[in-house]
1. Lys236 to Leu39: extension gain in nm, 0.36 nm per residue of separation minus the Cα-Cα distance?
2. Hey, can you rank 128-139, 179-190 by average C-beta count inside 10 Å, highest first?
3. Go through Gln106, Ala53, Ser124 and say which Cα lies farthest out towards the positive end of the charge dipole of segment 47-127; charges sit on Cβ, +1 for Lys and Arg, -1 for Asp and Glu.
4. Ranked highest first by average number of other Cβ atoms within 10 Å, how do 81-88, 244-251, 222-229 line up?
5. For a protection proxy built on the mean count of beta-carbon atoms within 10 angstrom, sort 19-28, 115-124, 143-152 highest first, please.
6. Could you work out how far apart the two model spin labels at Ser18 and Asn54 are, taking each label as a point 7 Å from the Cα in the direction of the beta carbon, and quote it in nm?
7. Can you sort Lys110, Lys242, Lys236 from fewest to most other Cβ atoms within 10 Å of each residue's own Cβ?
8. What is the sum of charges, Lys and Arg at +1 and Asp and Glu at -1, for the other residues whose Cβ falls under 13 Å from the Cβ of Phe119?
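Taken together, the values in this text are just the output of simple stated rules run on the coordinates, not laboratory data. Small disclaimer: the values here were computed from a predicted structure and weren't measured. With ideal geometry, Cβ positions are generated from the backbone for all residues, glycine too; neighbour counts draw on all protein chains shown.
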Amino acid sequence: MKSNEKESEWLIPKSEISFEYLTRFNRNMMVLHLIQGILMIILGLLPTFQYEANIYTIYPIYFPDVAPGPELLFEFSAVGALVGIFLLLSAIAHFLIAYPLNKMYQEDLKKGINKVRWFEYALSSSVMIVLIAIFFGVRSFWLLFTLFVSNALMNMFGLIMEQYNVYTRKMGEKIRWGPYYLGVIAGVVPWIVITAFFITAGLEAAGEIPLFVYLIYGIELFFFNTFAINMILQYKEVGKWKDYLYGERVYIVLSLVSKTFLAWLVFFGVFQPA
């Protein structure tokens, strides 16, 4: 009996937003992500929407007068379909939350945690960061791999931030921001690389970069920052964010809006004339 009471203990202020509402909300988001993801995969596999990206490996050659040469690792043409997978990952996460993992989801929210969210973000946003990097000219497999891992780690630090502060809430202590700062460092690394390629391309293209490239760059940066800002508002308990479940709902809305807008922008953007 005691263990059951402990499991149901609220470590955050109780909310006017019900778990039933959040469950329904997740079901609706699952359907919206699923429809878009399937549609995008179908379109992305059509010959009309084939976009080829050659991925290379570059290894050093131990001769002082010979520059290392890139070797083609693989050719990838269904980039549009990969954008669809980005949306399907979100649909899967909403399905898990709304159905098989719903009880765990509710118990975790009482403590101020959503584990599924961070694992899904680690995968989906890392897929998108790789796509953005490819569009900005990053074609080295190992560099793309590094960007993927660095971005995934940023989200894992978000999970650690929530898990760590379960104990600060129990002890009535101040919020510890260490994991958040480490996540910021991990998250900025891919953008340093992308920005370097963006600036280099801009200098070489002399004003010929398509408008959608600037849009992708700016919008992705904007939405990445909104997630970080939402976490700050939650832990600073600013206004409506004193209610942790309000912040949870904002995460869900941000996820839908940012992923929908960004996915379609990227999908149609790559087929614009250079």
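1. On the way: separation 197, 0.36 × 197 = 70.92 nm, distance 3.95 nm.
Contour length minus Cα-Cα distance gives 67.0 nm.
2. Working: 128-139: 20.9, 179-190: 17.3.
Going by the mean number of other Cβ atoms within 10 Å, highest first, we get 128-139, 179-190.
3. Gln106
4. Working: 81-88: 22.4, 244-251: 19.9, 222-229: 15.1.
The most tightly packed comes first, giving 81-88, 244-251, 222-229.
5. Values: 19-28: 15.6, 115-124: 20.3, 143-152: 18.6.
Output ranking for 19-28, 115-124, 143-152: 115-124, 143-152, 19-28.
6. Each label point is offset 7 Å from its Cα along the Cβ direction, giving 5.9 nm.
7. Details: Lys110 18, Lys242 15, Lys236 11.
Taking fewest neighbouring Cβ atoms as first place, the list is Lys236, Lys242, Lys110.
8. On the way: positive: Lys115, Arg117; negative: Asp108, Glu120, Glu162.
Residues near Phe119 contribute -1 overall.
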